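What follows is one structure encoded as structure tokens, with my remarks underneath.
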Amino acid sequence: MLAQVLNSLLPGVSYTSSNDTWENVIFDDTNVLKPSLHEYEYTLYRLTNVEAIKQFREERNALLDKSDKYVTPDYPHRLELDIQNWKDYRLALRHLPGTAKPTLDKDGNLKDVVWPTPPTTLTGGAQDTLTQRRVSKLVNENTKLSSKITALERRSTDHELKLIRLSKLLEK
């Protein structure tokens, strides 16, 4: 595996290594800098987990595709916060390949990936229809109550004006 990693990192560069270990690698050309242990380990991981990385990217891309509609300008979000939450979720999905190191379990299922949680929203999907109705009902009730408050405020103002007039009449 050492040969594959080195060929991936430095194609065509000749080297020697006693015991075929990374620690003992010496390049024939003294001008060649030895890659860091981190670069070696990451390249080794990539070469030994090709299928896991492929499956991971497919799942991540499917989640991005599934969430596309939530960031389109014409999606009917109720709150600005909903839009930002979806943007943050998608950004976390895009950054995931830089932090995750997926592998496969014995059954070929993806593991060692912590997926970001998709945000909840007041709109979208059949499940949210009930929530939309409730929100709509609350908005209607709020509008009715606001109208009642306005009417009460008008009456209160009218009564105050009458009291002022009466007090002026009494003063005369």
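Values in this text are rule-based calculations from the coordinates and carry no lab data. Just so you know, these numbers come straight off a predicted model, no measurement behind them. As a convention, Cβ positions derive from the backbone with ideal geometry for all residues, glycine included, and neighbour counts pool all protein chains shown.
Assigning unit charges at the beta carbon (Lys, Arg +1; Asp, Glu -1) and nothing else, what dipole magnitude in debye, to the nearest 20, does the chain show about its Cα centre?
Details: 25 positive and 24 negative charges, 385 e Å.
So the dipole magnitude of the chain works out to roughly 1860 debye.
To the nearest 500 deg cm²/dmol, what mean residue ellipticity at 222 nm is calculated for the chain from DSSP H runs of n ≥ 4 alone, each contributing -39,500 (n - 2.57), summed and divided by the residues?
Working: 5 runs with 102 residues, N = 172.
Rounded to the nearest 500, the figure is -20500 deg cm²/dmol.
If R₀ is 41 angstrom, what is the calculated FRET efficiency for the pair Lys137 and Arg165, using the beta carbon separation as r and rounding to 0.05?
Details: r = 43 Å, r/R0 = 1.04.
So the FRET efficiency works out to roughly 0.45.
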- request: Choose one answer from Pro76, Pro11, Pro116: the residue with the largest mean-square fluctuation in a GNM of the chain with alpha-carbon springs under 10 Å.
  value: Pro11
- request: Would you mind calculating the relative contact order of segment 50-120 from Cα pairs under 8 angstrom and at least 6 residues apart, reporting the percent as a whole number?
  value: 36 percent
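Give the Rg/Rh ratio for segment 62-112, taking Rg as the radius of gyration of the Cα atoms and Rh as the Kirkwood radius, to two decimals. Working shown, then result.
Working: Rg = 14.6 Å, Rh = 12.8 Å.
Ratio of gyration radius to Kirkwood radius for segment 62-112: 1.14.
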message: Calculate log10 I(q)/I(0) of the chain for q = 0.13, 0.19 Å⁻¹, where I(q) comes from the Debye formula with a single equal point scatterer on each Cα and nothing for solvent.
response: -0.87, -1.18
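Just order 27-33, 63-69 by mean Cβ neighbour count inside 10 Å, highest at the front, would you?
On the way: 27-33: 9.6, 63-69: 12.3.
In decreasing order of mean packing, 27-33, 63-69 become 63-69, 27-33.
Ordered by packing density, taken as the mean number of other Cβ atoms within 10 Å over each peptide's residues, highest first, how do 155-162, 99-106, 49-56 rank? Mind dumping the intermediate values first?
Working: 155-162: 10.0, 99-106: 13.8, 49-56: 16.5.
The packing order, highest mean first, is 49-56, 99-106, 155-162.
Looking at the chain, do any whole DSSP H helices span at least 30 angstrom along their long axis by alpha carbon and average -1.0 or above on Kyte-Doolittle, and which?
On the way: long enough: 128-171 (63 Å, -0.70).
Within the chain the helices that satisfy the rule are 128-171.
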message: Taking 32 Å as the cut-off for C-alpha to C-alpha distance, list the pairs among Lys137/Lys162; Lys87/Lys111; Lys69/Lys137; Lys34/Lys54 that go past it.
response: Lys137/Lys162
field: Hydrodynamic radius by Kirkwood, which averages 1/r over all alpha carbon pairs of segment 1-48, in angstrom
entry: 10.8 Å
